[in-house]
Amino acid sequence: DSPVLICGSPGGGTSYMAKMMQYCGLFIGNDVCRFEDRKTFESTSISMLQYYFVRQLVGDKSYDDLMDLYNLLDSDVAQKWLSSGKDGEMDSDKLKLFKKEFLKLLPIFWGDNLLDLIWGFKKPFNMIWIKYFVSLFPNIKVLVVDKKKSGQMKNRSIEGERFEKMEQYNYELFTEIGDDLECNNRKCDFDKMNKDVDYFNEVMEWCGLSIKTKEEHYQMLVDLKYDGIKNG
């Protein structure tokens, strides 16, 4: 009924946040951490949905350059696709297509896990198709990861470097929800989640996940640093 959609800028801490929330009991997919998703903590099946979405957007069934994906957002064809229609109404045909493809992927996402788990998934692209998910799940919780730029490029991933170089306009595409969209959402300060246990617990309670004592919070940070993933 109320999945948690983890949003935020590429390279802006969304992977670590998903890792942290998985530790606290959020089911983020039976197909997470396979192949190229090992460090991103993204569902492989949801990535497949992203390919479908973008191919529809650009009108090219063979398009597979996800590294160029975010540059498409400024294009006329992308803006036309992302337009919600007159007076903010969702295009019903587009929504039906999206829902059909999403339902196809759910068996891969869930695997043999019980369906009563608190669930959600992380993907920076979530903010681009957020209207579709809000239409499918009116009670959805949208958690937007907000991280301050440091200007440091050393030892950063490709997406991390992209984040540091990103213009404010592009950053806001992934971190700002339009006034025309009503949904249960909140910003999440990346740095405070690591340093302030009270703030951390406030966010976890909002998500419906387990909270931590100061000692448990510290142990979680140690475990996550060494990829010691376990449910709390």
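I want to confirm something. Restricting to segment 116-137 and keeping residues that are in contact (Cβ under 8 Å) with a residue 24 or more places away in the chain and open to solvent by 50 Å² or more (accessible area, probe 1.4 Å), which single residue is nearest to S9 (Cα to Cα)? Once the filter is applied, the top-ranked residue is K131. I want to confirm something. Restricting to segment 176-188 and keeping residues that are without any contact (Cβ under 8 Å) to a residue 60 or more places away in the chain and farther than 17 Å from V4 by Cβ, which single residue is least open to solvent (accessible area, probe 1.4 Å)? Taking the candidates together, the pick is G178. Could you please let me know if S157 is small (G, A, S) and surrounded by 12 or more Cβ atoms within 10 Å (Cβ to Cβ)? Yes, satisfied. One residue stands out among those in segment 161-172 that are in contact (Cβ under 8 Å) with a residue 60 or more places away in the chain and part of a helix (DSSP H, G or I): the one that is least open to solvent (accessible area, probe 1.4 Å), which is F163.
This table checks each residue for (1) touching a residue at least 12 places away in the same chain (Cβ under 8 Å); (2) in contact with a Leu (Cβ under 6 Å, 6 or more places away or on another chain); (3) over 26 Å from M204 (Cβ atoms).
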residue	(1), (2), (3)
K96	no, no, yes
G111	yes, no, no
L114	no, no, no
E159	yes, no, no
F174	yes, no, no
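For the residues K94, K100, the requirement of being modelled with pLDDT of 85 or more, farther than 19 Å from M21 by Cβ and not in a strand (DSSP E or B) singles out K100.
The values are calculated or read from the model by the stated rules, or taken from the named source; none is laboratory data. This one's a predicted model, so the numbers in the text were calculated from it and none came from an experiment. Every residue, glycine as well, gets a Cβ built from its backbone with ideal geometry; the counts of neighbours run over all protein chains shown. Keep in mind that these areas ignore ligands, DNA and RNA; they rest on the heavy atoms of the full protein, side chains included. Shrake-Rupley method; radii C 1.70, N 1.55, O 1.52, S 1.80 Å.
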